[in-house]
Every structure is written in C-alpha cells, then in structure tokens.
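Colleague: This is the structure I want to talk about, given as structure tokens.
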Amino acid sequence: MAILDIILWLAAIEVIGFATFPLVFVIFRRFDDRGYAFSKPLGLLFLVYPIWLTGSLGIIPAGKITAFLALTSLVLLGLFVARKNAKQMRIFFIDRWRILLIGEAIFLVFFLGWTLYRTYDPIYTHTEQPMDFAFLNASILATKFPPMDPWLSGNTISYYYFGSLINAIVAKIAFVSAPVAYNLGLSLVA
C-alpha cells in the first residue's frame with residue numbers, strides 16, 4: 001500500500017461521511033453528536049444501496065461513472081439539507097466541536113492503526129480471505145448484480161457480497177487497486 005492509496009481511500013470515506021452528516025444531523029436529533037459517529041457507515045449504505053438496487057434491477061450498469069454519480073447525488077443532497085438547517089448546524093458546531101473532534105480522532109486512530117498493521121501483514125491467503133478477495137474482485141468488475149461467481153464459472157454469486165460491494169464502490173471512487181482496497185476495507189471495518 002502506498003501512502004497515496006491510503007490518502008485517497010481516507011479522502012473518499014471522509015467525503016462520504018461529511019456529505020451524509022447533514023442527513024444524520026436531522027435523523028439523530030436527540031444524540032449528543034447528532035449522529036456524527038454514524039455518518040460514515042450510513043454514508044456508505046446511502047451511497048452503495050442505490051447502486052446495488054439499480055444494478056440488481058438492470059436499470060443502470062454499476063461502473064465508475066455510476067459510483068461518481070451516486071457520490072455526487074449524495075453530496076448534493078447533503079448540501080441541500082445542510083442549507084435548510086444551516087443555522088442549527090452552525091450553533092451545533094460551535095457548541096459541540098469537541099465531541100466531533102473526539103469522534104473523528106477515534107476513527108482515525110483505529111483506521112490508521114489497523115492500516116499500519118495491514119502494511120506488515122497484507123497477504124490474503126488463509127482461511128476465507130481468498131474467497132473474500134475473489135468476491136471483491138467480482139464486485140469491482142460487475143456491472144450488474146449479483147456479480148459473477150469467481151468459483152463457479154457461468155453462475156452468479158449465491159452468497160452475501162454486499163460488504164465486498166461497499167469496498168468495491170469505495171475502490172472505484174478512490175482509484176485504488178483491488179489488493180489495496182481489500183486491506184483498506186479491513187482497516188475501515190476496524
């Protein structure tokens with residue numbers, strides 16, 4: 001993994017999280033952090049689920065263009081909601097900036113710590129890792145869902161693959177290769 005790959009992946013995750021924060025700000029009104037801790041995982045869900053749905057129904061092929069259109073839509077929706085709640089968000093940021101900073105620091109410590117670990121053990125050759133990597137590659141290459149099964153030629157994956165699809169979409173947005181996406185995806189889960 002090159003440092004640029006890590007920066008690109010992290011930048012993609014941060015853009016997704018920041019784009020989603022205005023939405024979770026409205027949804028999680030009663031939380032102290034207004035849902036900031038959920039903005040990244042929900043952002044990934046809000047980004048990938050429409051791609052999966054349209055790709056599964058055969059409406060839109062799932063490629064890099066689709067990933068960027070979905071990300072652009074998420075950013076625009078986030079900006080629209082942020083504009084409607086600008087005054088409340090401004091007051092919230094002034095009052096609660098410390099809790100947001102702590103949440104972001106915790107995320108970065110775990111992400112960068114696990115990324116450091118994966119740089120010393122980047123191999124995916126034991127237990128279920130080869131299958132996970134094959135599913136990730138199948139998800140990156142897929143234009144419709146379910147992706148083609150890498151183990152059973154001519155058939156589609158008949159196993160859960162949505163987690164691999166999430167990493168595949170982030171890989172497309174961040175312009176990182178499949179081996180890098182596999183390891184950074186593990187860091188993201190941590």
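The values are calculated or read from the model by the stated rules, or taken from the named source; none is laboratory data. Just so you know, these numbers come straight off a predicted model, no measurement behind them. Glycine gets a Cβ as well: all are built from the backbone with ideal geometry, and neighbour counts include every protein chain shown. Quick note on the areas: whole protein, heavy atoms, side chains included, nothing else; ligands and nucleic acids left out. Shrake-Rupley method; radii C 1.70, N 1.55, O 1.52, S 1.80 Å.
Colleague: Condition (residue is in contact with a helix residue (DSSP H, G or I) (Cβ under 8 Å, 6 or more places away or on another chain), aromatic (Phe, Trp, Tyr) and assigned to a loop (DSSP other than H, G, I, E, B)) applied to segment 162-174: is it met by at least one residue?
Modeller: Within segment 162-174, not a single residue is in contact with a helix residue (DSSP H, G or I) (Cβ under 8 Å, 6 or more places away or on another chain), aromatic (Phe, Trp, Tyr) and assigned to a loop (DSSP other than H, G, I, E, B).
Colleague: Starting from segment 108-129, take each residue that is farther than 20 Å from GLU14 by Cβ and list its partners that are of a type in the set (Ser, Thr, Tyr), counting only C-beta distances under 7 angstrom and pairs at least six apart or across chains.
Modeller: That search, which allows pairs on different chains as well, returns TYR124/TYR182.
Colleague: I've got another one for you. Take the conditions more than 30 Å from PRO122 (Cβ to Cβ), open to solvent by 20 Å² or more (accessible area, probe 1.4 Å) and out of contact with any Phe, Trp or Tyr (no Cβ under 8 Å at 6 or more places or on another chain) and apply them to GLY58. Does it pass?
Modeller: Working: more than 30 Å from PRO122 (Cβ to Cβ): yes; open to solvent by 20 Å² or more (accessible area, probe 1.4 Å): yes; out of contact with any Phe, Trp or Tyr (no Cβ under 8 Å at 6 or more places or on another chain): yes.
Taking the combined requirement at face value, the residue satisfies it.
Colleague: Can you pull out the residues in segment 112-129 that are polar (S, T, N, Q) and either assigned to a helix (DSSP H, G or I) or surrounded by 10 or more Cβ atoms within 10 Å (Cβ to Cβ) (or both)?
Modeller: At the first step, the residues of segment 112-129 found to be polar (S, T, N, Q) are 115, 119, 125, 127, 129.
Across segment 112-129, the qualifying residues are THR115, THR119, GLN129.
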